[in-house]
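Everything on this sheet refers to the single structure shown next.
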Amino acid sequence: MRLSIMILILFLTTSCLSLDINRTQDERWTRDEKEAFLKHSPEWSPSIKAAILQGAAQIGMTVEQLRMSIGRPYSINQTVGSWGVHEQWVYGWSYIYLENGVVTSWQRKR
């Protein structure tokens, strides 16, 4: 309840919000929090918004969108090269791959 009120206050006082990227895996966004935030993100595509509400990954998602949708990963493996930054986000059920901050693919753990 207190968190919902704080988020509402943030919506009213700023036009550009950043996600709380310090949440732990267990502190995921609730559906109500996601819906409230998405109302103020008209630039995000309908398919990205739908994936966020479902708690799913989608190719083309940004880091911010992925964290809002699924939460923080347990760990991140990062490779930096002349081509940019390649990341593997490790969740309990899958690996999600990002290139330069954008989701490119994922793989279910066996």
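No value in this document is a laboratory result; all are computed from the given coordinates. As the structure is a computational prediction, the values presented were derived from the model and not from experiment. Here the Cβ is made from the backbone with ideal geometry for all residues, glycine too, and neighbour counts use every protein chain on show.
Once the gyration tensor of the Cα atoms in the range 28-110 is diagonalised, the equivalent ellipsoid follows with semi-axes of 23, 15, 10 Å, ordered largest first. List residues of the range 57-71, by number, whose backbone nitrogen lies under 19 Å from a label position 7 Å along Cα→C-beta of N100. What the label zone holds, given the 19 Å backbone N cut-off, is 59-66. Scattering from the range 70-110 was approximated by placing one identical point on each alpha carbon and applying the Debye formula without solvent; log10 I(q)/I(0) at 0.18, 0.28, 0.30, 0.31 1/Å stands at -0.46, -0.97, -1.06, -1.11.
Mind giving me the FRET efficiency for Q88 and E35? R0 is 25 Å, r the Cβ-Cβ distance, nearest 0.05 is fine. Calculated transfer efficiency: 0.25.
Can you tell me the FRET efficiency between V80 and K109 if r is taken as the Cβ-Cβ distance and R0 is 25 Å, rounded to the nearest 0.05? Working from the Cβ atoms, E equals 0.50.
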